[in-house]
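In what follows, a structure is listed as structure tokens, so that the remarks can point back to it.
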Amino acid sequence: MRKAVMFCLVVLSVTTLLFGCLAGERKSKAQSFEIGLEKIQKIEVLSPVTNHSTITITDTHEIKEFVEMIKVDDWNLEAVPSEAIKGKKFKLYQEETIHFDESSEEQKRLVEMATIILYEDEPYIDFSIKNNTFSFKLPKDVAEFLSEYD
């Protein structure tokens, strides 16, 4: 009987320890899956009214600055409030992947990699990549940066 109680205590202790370690990682953040924003080569900012491109960014330095300013590591996976209104859209492009039977010398075309939809007056986005959409709550400064981006 005593061995059974000791065994249960050990199992309970190990389980508590493991769940305690995982609790620190409980915050679901964007870094929990590989986004690959370092591969972006073009960004289009689309108007929420016309859905037409208002800005196109192709400068490598500007793109790198944009990626740094949106602080992906600080995004928290969270549902968008039901009353939120969709705003600007950011389309992110990268060069098409070269397949085994293709020449790397051929001109590569840009393909849409991901889409960010910003919500008006709310620090939330929908991030769509590879036919999956995730909703994130952004830090206030990131939401302001994106909303003021013109």
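The values are calculated or read from the model by the stated rules, or taken from the named source; none is laboratory data. Owing to the predicted nature of the structure, the values given are computational and were not obtained by experimental measurement. With ideal geometry, Cβ positions are generated from the backbone for all residues, glycine too; neighbour counts draw on all protein chains shown.
Below, the figures for the structure above:
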quantity: Number of the exception - Thr54 against (1) modelled with pLDDT of 90 or more; (2) in a strand (DSSP E or B); (3) surrounded by fewer than 16 Cβ atoms within 10 Å (Cβ to Cβ); calculated: (1)
quantity: Selection from region 75-95 of residues that are free of Cβ contacts under 8 Å to residues at least 24 places away in the same chain and in a strand (DSSP E or B); calculated: none
quantity: Cβ pairs under 9 Å, 6+ apart, first in region 55-69 and small (Gly, Ala, Ser), second in a helix (DSSP H, G or I); calculated: none
quantity: Subset of region 57-89 (residues that are touching a Lys or Arg at 6+ places or on another chain (Cβ under 7 Å) and among the hydroxyl-bearing types (Ser, Thr, Tyr)); calculated: Thr58
quantity: Filtered residue count, region 66-80, keeping only those that are acidic (Asp, Glu) and surrounded by 12 or more Cβ atoms within 10 Å (Cβ to Cβ); calculated: 2
quantity: Some residue of region 84-106 being over 14 Å from Val45 (Cβ atoms), modelled with pLDDT of 90 or more and within 14 Å of the chain's Cα centre (by Cα); calculated: no
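This table checks each residue for (1) of a type in the set (D, E, K, R); (2) farther than 19 Å from Met69 by Cβ.
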residue: Lys108; (1), (2): yes, yes
residue: Thr115; (1), (2): no, no
residue: Tyr119; (1), (2): no, no
residue: Asn132; (1), (2): no, yes
residue: Leu138; (1), (2): no, no
residue: Asp141; (1), (2): yes, no
residue: Leu146; (1), (2): no, no
residue: Tyr149; (1), (2): no, no
